[in-house]
Amino acid sequence: MIPYHKTTGIIIKVRPYGEANKHLTVYTRAYGKIHAVAKGAGKIKSRFGSTIELFTETKLFLYKQQNRDLYLLTQADIETHFKNISKNVRKYTYASAVTDFINTFVPFGEKSRSLYELYYNTLQKINTEGHEDRIFSMFMVKFLTQTGFKIALNLCSACGSGLSRNIRMAVSPKHGGVVCEACSNGISTVEVYNNTLKLMELMQRKSFDALANLRIEDKSHMEIEKVVEHFLEYNFELKLKSLKVMESIRNYGA
Ligand SMILES: [Zn+2]
């Protein structure tokens, strides 16, 4: 196998490594999520400069060490710098929350062109547009679909029967979608407004741009978060750190 690789990736985690190096987690187009070491990147005058800053999309030249899952970064060039994200606390917090999904739920080495596009587009929207809460909700709904846990919203996901639309509806992570009244008895469900389900159905189907003018109440954002959180925890048995941060943004209006 050729040990040299070239791809584009977004830096999703950076930490000091040894005396003068940095350990990176990068979500790449070609190889999915990888670990890489940037030697000397911890020095003040590092040749890597801002190419390996968090949320930067970078063109990477990598050397894969034999029998190791660690790549060595030999050269890096900036592809996209999301400059508003690094300057604005609110945007930075939303970008961190989105990135937490990639860090937590995407397995190493699993490549997905469409998930990469979703992540990149989401960062770009956060960088250039307002209404970060809408962008975040759309990302969450689309992320579930991309990772194979699209929420079934049209028929009862337990018995398959048609649903009578009440104001409040029950969603079951175990059954993978909305459940009818009869099936919701005695099982663990998340209760949301039918209106929230309608929004989620639109978000599954339509692009960011198609829903650019969609008005969403805070209440619906919170319900979407709640549903997505329960689905992810049920299916991955892992917890996100960032949703609490989102709560504090809403409460204090950062
Ligand atoms: Zn049912």
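FYI, it's all coordinate maths here, none of it is from the lab. Source: prediction; values computed, not measured. Neighbour counts run over all protein chains shown; Cβ positions are idealised from the backbone, glycine included.
Numerical summary
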item	result
Estimated inter-spin distance, Gln204 and Ser86, nm [label 7 Å along Cα→Cβ]	3.9
Phi-based couplings in Hz for segment 106-122 (Karplus 6.51, -1.76, 1.60; Gly and Pro marked x)	8, x, 5, x, 9, 8, 8, 4, 6, 5, 4, 4, 4, 5, 4, 4, 5
At 0.692 mPa s and 37 °C, Stokes diffusion of segment 4-81 via Kirkwood alpha-carbon radius, µm² per second	272
Rh (Kirkwood; distinct C-alpha pairs) - the chain, Å	19.6
Estimated inter-spin distance, Ile78 and Arg15, nm [label 7 Å along Cα→Cβ]	2.6
Degrees, to the nearest 10: 194-205 long Cα axis against longest axis of the chain	40
DSSP-loop trypsin sites (Lys or Arg not before Pro) across segment 49-105, with at most 15 other Cβ within 10 angstrom	Arg68
Interchain or long-range residues, amide H under 5 Å from Thr74's placed H	Phe61, Leu62, Tyr63
Sequence of Ile249, Ile187, Ile151 once ranked by neighbouring C-beta atoms within 10 Å, starting from the fewest	Ile187, Ile249, Ile151
Neighbour-count order for Lys219, Lys39, fewest beta carbons within 10 angstrom listed first	Lys219, Lys39
Whole-Hz couplings from phi, Karplus 6.51/-1.76/1.60, listed for segment 226-240; x for Gly and Pro	5, 5, 4, 4, 5, 5, 5, 5, 5, 7, 9, 6, 9, 10, 8
3J(HN,Hα) from dihedral phi, segment 10-16, Karplus parametrisation 6.51/-1.76/1.60, rounded to Hz, x for glycine, proline	9, 6, 10, 7, 9, 9, x
Cα lying deepest toward the dipole's positive end in the chain, options Val26, Val171, Cys159, charges on Cβ	Val26
Violating pairs (Cα-Cα greater than 31 angstrom) within the set Lys174/Lys244; Lys22/Lys150; Lys142/Lys219	Lys22/Lys150
Length added when fully stretched, Arg215-Val190, from 0.36 nm per residue minus Cα-Cα	6.7 nm
Antiparallel content of DSSP bridges confined to segment 86-252, in %, to 5	90
Segment 9-142: radius of gyration and largest Cα-Cα distance (Dmax), Å	14.7, 46
Built amide H within the under 5 Å cut-off of Ala152, gap 5+	Gly177, Val178
Positive-pole candidate from Ala212, Met140, His230, dipole of segment 76-232, charges at beta carbon	Ala212
Within the chain, longest stretch free of exposed GluC sites (Glu not before Pro) [DSSP loop, at most 11 other beta carbons within 10 Å]	111-236
Helix-only [θ]222 nm of the chain, DSSP H runs n ≥ 4, -39500 (n - 2.57) each, per residue, nearest 500	-12000 deg cm²/dmol
